[in-house]
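Before any comments, here is the structure.
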Amino acid sequence: MRLEFHCHTIYSPDSLTKPEALLKACARKGIDRVVVTDHNTIRGALEARKIDPQRVIVGEEIMTQQGELLAAYVQEEVPKGLPALEAIAALRDQGAFISVSHPFDITRRGHWALPDLVAIAPLVDALEVFNARCISAEFDRLAASFAQEHGLPGTVGSDAHGTPELGNATLLLDPFDGPEGLRSALTGARHELRRAPPWVRLFSRWAVLARALGLVDPPP
């Protein structure tokens, strides 16, 4: 099974990808399951799940006071701006799977200070050890080293904000169902990795600009 763990739709402020376009791209690229992880909302994931419930896992990328979390099997939206421990507790209460987004990528606002990351390491299920949008491979190397040191399995993700990016970083793993199944399957996962060229960040910049200029309608 090929899993895309990190991607965005038009429900993120820096993406223009409609859920139906994302799912068509997943089908075309042989992505069997996809965790839709919009910024601080599950609305896009819920819309995508209505279209293709077998393929879509509801996720969320959550900006906490310390850094970003990356969750799968989210049932209730977790708001941005909470202390990290409070956000993790809210995710745990609903049985979600918790990873950490691009923890060492200092070019992004959601990166983690090392003491904060050490503090939450025992409380999360995994760490994102490869993010296709990281400009420097060193950021991923540091994440992989941290995960190994703290006994955490690794997730990888394309962090796709446009459909051409989907599938840049995927997990190949045994079929699974639910967060517990994902935890088990992740131990034997293999990674398919391709770093995105830096220009893909233009998808995000254009999405923000197009919204500011009123060139696109906001999502419902």
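The values are calculated or read from the model by the stated rules, or taken from the named source; none is laboratory data. If you're wondering where the values come from, they're calculated on a predicted model, not measured in any experiment. Cβ sites come from the backbone with ideal geometry, for glycine too, and all protein chains shown count toward neighbours. All accessible areas refer to the heavy atoms of the entire protein, side chains included, with ligands and DNA or RNA removed. Shrake-Rupley method; radii C 1.70, N 1.55, O 1.52, S 1.80 Å.
Contact map, the range 169-191: residues that are touching a residue at least 24 places away in the same chain (Cβ under 8 Å) paired with residues that are assigned to a helix (DSSP H, G or I), Cβ distance under 6 Å, separation 6+ or inter-chain. Pairs shown: Leu173/Ala185; Asp174/Ala185; Phe176/Leu182; Phe176/Ala185. Annotation note: of Asp140, Asp52, the sole residue that is closer than 23 Å to Glu180 by Cα and charged (D, E, K, R) is Asp52. Candidates are the residues of the range 1-40 that are of a type in the set (Asp, Glu) and outside any helix (DSSP H, G or I); the one that is modelled with the lowest pLDDT is Asp14. Pairs linking a residue in the range 89-102 that is closer than 15 Å to Leu182 by Cα to a residue that is assigned to a loop (DSSP other than H, G, I, E, B) and not small (Gly, Ala, Ser), with Cβ atoms under 6 Å and 6 or more positions apart or on different chains, are Ala96/Tyr73; Ala96/Val74; Phe97/Tyr73; Phe97/Asp125; Ile98/Val124; Ile98/Asp125.
Residues of the range 112-152 being closer than 24 Å to Ala96 by Cβ and polar (S, T, N, Q), which ones? Listed by number, the residues that qualify are Asn131, Gln148. Note on the range 161-195: among residues that are touching a Pro at 6+ places or on another chain (Cβ under 9 Å) and open to solvent by less than 40 Å² (accessible area, probe 1.4 Å), the one that is farthest from Ile57 (Cα to Cα) is Ala189. Residues that are at pLDDT below 95 and within 15 Å of Glu61 (Cα to Cα) were ranked within the range 89-146; the one that is least open to solvent (accessible area, probe 1.4 Å) is Gly110. Can you tell me which condition Gln148 does not meet? The list is (1) over 30 Å from Gln94 (Cβ atoms); (2) without any contact (Cβ under 8 Å) to a residue 12 or more places away in the chain, and all the others hold. So the condition that Gln148 fails would be (1).
Criterion first (under 28 Å from Arg211 (Cβ atoms) and touching a helix residue (DSSP H, G or I) at 6+ places or on another chain (Cβ under 9 Å)) does Ala87 satisfy it? The answer is no for Ala87.
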